[in-house]
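Here the structure is laid out as structure tokens; the discussion comes afterwards.
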Amino acid sequence: GFDYDNNYQYDYMGASFSLNAKSAQKVSASNVFTATGYEELGAVSATTNAANSTVEVKVYRLNEGAAAADDGELVAAGRDSFAYSGFHTVALSQPVKLSKDERFSVVETIIDEQGNYYVSYEAAPKDAQAGYAADGSAEEGLVQYTVKSNKGESFVWSEEDGWEDFKEVSSVFADKTIMNTGNIMIKAFTKNADVTVPQLIKLQVSSYDKTGSLLGETQEITPSAAAEITLPSYTDHVVMVPVLNDPQGNAELTVSGRTFAVNEDIPRSVLKTGAQVTVTTLADTEGYQGSSYRFTVKALDLSLIHISEPTRLDVIS
């Protein structure tokens with residue numbers, strides 16, 4: 001009955017070699033993932049290492065730049081109990097819609113029947129372990145386990161320390177002289193969604209003075225990692241028009257944290273040097289975010305000066 005298109009995971013070692021950290025105080029663990037497309041998160045995994053364990057699951061849609069696993073919107077929560085230890089697939093009551101490049105976290109709190117909390121994570125002995133050769137004979141140093149984790153992937157929470165990156169604190173979870181630690185054992189399972197999102201071809205920027213006269217020509221700026229908007233001197237306000245690959249598509253403009261409509265006058269006061277302009281295209285299916293494109297306002301171009309009406313000079317002979 002497992003029917004998902006994508007498996008987000010860091011624990012490639014799985015239960016081949018893993019350890020558990022147990023505590024009488026509440027501890028939680030999380031993995032943070034980034035959606036690679038427009039998808040529906042329908043289930044997560046949980047690894048229990050004791051009979052009659054209870055798993056509490058929370059899913060967060062993370063804020064931009066979030067450093068903690070619960071810094072965002074709680075979009076799903078559930079609780080399930082398992083009579084046997086092992087690997088479990090926990091279905092969410094309602095799928096969570098994920099947009100491309102959106103970060104989300106799966107937070108799990110696991111409790112055994114004695115009321116102890118524990119965290120399951122990958123581990124690997126530094127020395128090669130015994131195994132069996134092709135002829136069935138035991139052989140020392142035959143199997144080498146390797147695990148690796150990166151910052152920003154796995155997190156642990158405790159009442160004393162709050163959220164900490166597992167990469168930074170994993171040394172306290174195992175004897176580092178003989179063990180290496182990897183990631184928290186949590187996976188996320190998604191299905192691909194049929195969503196159309198228009199793409200930005202270019203941003204047209206027209207600058208006007210106080211009289212409403214156009215200054216220079218309308219700029220047409222192609223989105224890129226270093227896209228800049230250059231304003232002429234004497235700019236009083238600008239008008240921005242996103243040009244999309246779909247004439248029926250829509251987009252939103254955000255300038256210095258304020259939202260403006262397409263073709264709306266944007267005052268010079270919010271277009272200071274270094275200001276961020278974000279164009280967000282809108283997905284055709286409700287609940288999904290579109291694509292975002294960022295532009296930076298550059299220092300005024302003093303070469304594009306405003307020429308006022310000529311002044312008549314009387315010549316004195």
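Alpha-carbon geometry of region 144-248: the Rg and the Dmax are 25.9, 75 Å, given in that order. FRET efficiency for the pair residue 79 and residue 135, taken as 1/(1 + (r/R0)^6) with r the Cβ-Cβ distance and R0 = 51 Å, rounds to 0.55. Shown is the FRET efficiency for residue 9 and residue 225, computed with R0 = 22 Å from the Cβ-Cβ distance and rounded to the nearest 0.05: 0.15. In this label model, residue 2 and residue 177 are separated by 3.9 nm, measuring between points 7 Å along each Cα→Cβ vector. Using a probe of 1.4 angstrom, how much of the accessible area of the chain is carbon and sulfur, in percent? About 47 percent, which is the carbon plus sulfur part of the accessible surface. Heavy-atom accessible surface of residue 202, to the nearest 10 Å², is about 60 Å², with a 1.4 Å probe and all protein chains retained.
Taking 255, 57, 44 in turn, the Gaussian network model of the chain (Cα-Cα springs below 10 Å) assigns the largest fluctuation to 255. Put 268, 294 in order of accessible area, highest first, and with a 1.4 Å probe you get 294, 268.
Under the simplified labelling scheme, the residue 250-residue 128 pair shows an inter-label distance of 6.3 nm, with each label point 7 Å from Cα along Cα→Cβ.
Return one whole number: the accessible area per residue of the chain in Å², for a 1.4 Å probe.
55
Considering only the Cα atoms of the chain, their convex hull presents on average a projected area of 26.1 nm². Of the residues 84, 8, 117, the one with the largest accessible area comes first in the ranking 84, 117, 8, computed with a 1.4 Å probe on protein heavy atoms.
Taking every protein chain into account, the 1.4 Å probe leaves residue 168 with about 110 Å² of accessible area, to the nearest ten.
Just subtract the alpha-carbon distance of residue 144 and residue 94 from 0.36 nm times their residue separation and send over the number in nm, one decimal.
13.9 nm
Of the residues 145, 129, 172, the one whose Cα sits farthest towards the positive end of the charge dipole of region 46-204 is 145 (charges of +1 on Lys and Arg Cβ, -1 on Asp and Glu Cβ, taken about the Cα centre). When Rg and the Kirkwood radius Rh are both evaluated on Cα atoms of region 1-97, their ratio Rg/Rh stands at 0.94. In this structure, the pairs whose alpha-carbon distance is over 24 Å, taken from 148/176; 148/187; 151/202; 22/148; 167/191, are 151/202; 167/191. If you plug the beta carbon distance of residue 192 and residue 160 into 1/(1 + (r/R0)^6) with R0 = 51 Å, you get a FRET efficiency near 0.80.
Partners of residue 210 within straight-line reach, counting aspartates and glutamates whose Cα lies under 20 Å from its Cα and excluding those fewer than 8 residues away in the same chain: 236, 264, 265, 301, 309.
When every Cα-Cα distance of region 57-175 is counted in 10 angstrom steps from zero, the calculated P(r) takes the values 10, 30, 32, 18, 9, 1 percent.
The values are calculated or read from the model by the stated rules, or taken from the named source; none is laboratory data. All values reported here derive from a predicted model rather than from experimental measurement. Using ideal geometry, Cβ is built from the backbone for each residue, glycine included, and neighbour counts are taken over all protein chains shown. In case anyone asks, the SASA skips ligands and DNA or RNA and just uses the protein heavy atoms, side chains included. Shrake-Rupley method; radii C 1.70, N 1.55, O 1.52, S 1.80 Å.
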